[in-house]
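Student: Dropping a structure here in structure tokens format, bear with me for questions.
The values are calculated or read from the model by the stated rules, or taken from the named source; none is laboratory data. Note that the structure is a prediction, hence the values are computed from the model and not measured. Counting neighbours? That spans all protein chains shown, and the Cβs are built from the backbone with ideal geometry, glycine included. Areas reflect the complete protein model, heavy atoms only, side chains present, ligands, DNA and RNA absent. Shrake-Rupley method; radii C 1.70, N 1.55, O 1.52, S 1.80 Å.
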Amino acid sequence: MSFLEQLGQVSPPGDTALTIGVFDGLHLGHQHLLSRLKAEAQERGLVPGVLTFRNHPRAVLHPGEEVGWLSDLDERLDLLRSTGLDLVVVVDFTRELSLLRPREFLSLLQQRLRLRALVVGPDFALGYQRQGDRPTLEALGREMGFTVTTVEHYMVDGVGVRSTHIRNLISQGDVAGAARMLGRNYSIRGIVVRGDGRGRRLGYPTANLAVDSQRLVPGNGIYATWAYVGDARYPAATSIGVRPTFGQGQRTVESYLMDFSGVLYHKEMRLEFVRRLRDELAFPSVEALVQQMGQDVAQAREVLAVGKR
């Protein structure tokens, strides 16, 4: 389905104030932008809305480049709608769409989505080869009859909040730093699958999580996490890595759920990362590993208990 056909399926209830983007993770910077969008829409009697993409533009513009997602589409839509937006439009980013000139793109938004106000971040650009930069958008707005408002970066720890920076923090294992920019703990989800049973034999049975290959998994190490299964939440110690004590293997995500007894195979589980405890290490013996696992579990329980206070 073409971009025009996808827009044709939407019928806004009035003239709109729009912002455009992927909004991966819907971090504090995104939330800051959406707050400004809603305020402007309310002041002018417009419908606040978002145009977002089902896929990441980089996958089309730079084939083969991998982008680890901070949130899948369902999560993004849930997060966007939870902000109180009246309109969320999802379209595919295609080669055809990437070739539209800024004027063509904005004309379609006027025709189909009744665009009257555009609210964007300071680095925003649209259209073929990003020709629709801030000065171009403002000039087109004056000519075509819509306003352009630029919202400056939201700052955390002296740094502008961006999805790229959050991805870097998570890849390095700094899940606490990422949480400060997301406004919540980073989480991943998947189905619990059978492992090799080694954890059970060591006295710490673990749930092995199968995660979508496009989802960003934190860097290797041991983490204090919350594990969500159905409506229940359990404190957990989670290991990400290749289990070097037993030789290099496949990268896995394994969680020991404290205070849990039962079977988790084939169930969906969500892991919420609170803090990285240590690097993944190769131990000289199984006994040394088991001793360290006991310390990891105790430390994870302590960290999570502090977070509950």
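Student: Being more than 17 Å from V211 (Cα to Cα) and outside any helix (DSSP H, G or I) is the requirement here; does L271 meet it?
Tutor: Considered against the rule, which asks whether it is more than 17 Å from V211 (Cα to Cα) and outside any helix (DSSP H, G or I), L271 comes out as no.
Student: Please give the helices (runs of 4 or more DSSP H) falling wholly within the stretch 1-66 in which 3 or more residues are modelled with pLDDT of 95 or more.
Tutor: Hits in the stretch 1-66: 28-44.
Student: Between a residue in the stretch 1-26 that is among the acidic types (D, E) and any residue that is assigned to a loop (DSSP other than H, G, I, E, B), which pairs come within a Cβ distance under 9 Å, given they are 6 or more apart or on different chains?
Tutor: Sorted first by the residue in the stretch 1-26, then by its partner, the pairs are D15/G45; D15/L46; D15/R114; D24/H56; D24/V67; D24/L70; D24/S71.
Student: Follow-up question, since we're still on this one. For the stretch 259-274, does any single residue satisfy the condition of being of a type in the set (F, W, Y) and closer than 27 Å to T164 by Cα?
Tutor: yes
Student: Just to confirm my filter: which helices (runs of 4 or more DSSP H) fall fully inside the stretch 69-154 and include at least 2 residues that are under 24 Å from N55 (Cβ atoms) and open to solvent by less than 20 Å² (accessible area, probe 1.4 Å)?
Tutor: Where helices (runs of 4 or more DSSP H) fall fully within the stretch 69-154 and carry at least 2 residues being under 24 Å from N55 (Cβ atoms) and open to solvent by less than 20 Å² (accessible area, probe 1.4 Å), they are 73-82, 95-98, 102-113.
Student: Return only the number of the condition from (1) in contact with a Leu (Cβ under 8 Å, 6 or more places away or on another chain); (2) surrounded by 15 or more Cβ atoms within 10 Å (Cβ to Cβ); (3) part of a helix (DSSP H, G or I) that R301 does not satisfy.
Tutor: (1)
Student: Let me ask another. Please determine whether any residue of the stretch 250-264 is part of a loop (DSSP other than H, G, I, E, B), of a type in the set (A, V, I, L, M, F, W, C), open to solvent by 50 Å² or more (accessible area, probe 1.4 Å) and more than 27 Å from A176 (Cα to Cα).
Tutor: Scanning the stretch 250-264 turns up at least one residue that is part of a loop (DSSP other than H, G, I, E, B), of a type in the set (A, V, I, L, M, F, W, C), open to solvent by 50 Å² or more (accessible area, probe 1.4 Å) and more than 27 Å from A176 (Cα to Cα).
Student: Next question. Consider D123 against the criteria (1) closer than 18 Å to V22 by Cβ; (2) at pLDDT 95 or above: it satisfies all of them except one. Which criterion is unmet?
Tutor: Unmet for D123, out of (1) closer than 18 Å to V22 by Cβ; (2) at pLDDT 95 or above: (2).
Student: How many of the residues in the stretch 186-232 are part of a strand (DSSP E or B), within 10 Å of S255 (Cα to Cα) and touching a Gly at 6+ places or on another chain (Cβ under 7 Å)?
Tutor: Here the count works out to 2.
Student: Hey, another quick one. Run R270 past the list (1) under 29 Å from the mean Cα position of the chain (by Cα); (2) loosely packed, with under 12 Cβ neighbours inside 10 Å and report the number of the one that doesn't hold.
Tutor: (2)
Student: Of the residues that make up the stretch 182-199, is at least one in contact with a helix residue (DSSP H, G or I) (Cβ under 8 Å, 6 or more places away or on another chain), of a type outside the set (F, W, Y), modelled with pLDDT of 95 or more and over 30 Å from V263 (Cα atoms)?
Tutor: Checking the stretch 182-199: at least one residue is in contact with a helix residue (DSSP H, G or I) (Cβ under 8 Å, 6 or more places away or on another chain), of a type outside the set (F, W, Y), modelled with pLDDT of 95 or more and over 30 Å from V263 (Cα atoms).
Student: Could you run through the stretch 166-177 and say how many residues are without any contact (Cβ under 8 Å) to a residue 24 or more places away in the chain and buried (at least 18 other Cβ atoms within 10 Å of the Cβ)?
Tutor: 2
Student: Let me ask something else about it. Out of everything in the stretch 200-217 that is surrounded by fewer than 22 Cβ atoms within 10 Å (Cβ to Cβ) and farther than 20 Å from E66 by Cβ, what residue ends up being modelled with the highest pLDDT?
Tutor: Filtering first and then ranking leaves N208.
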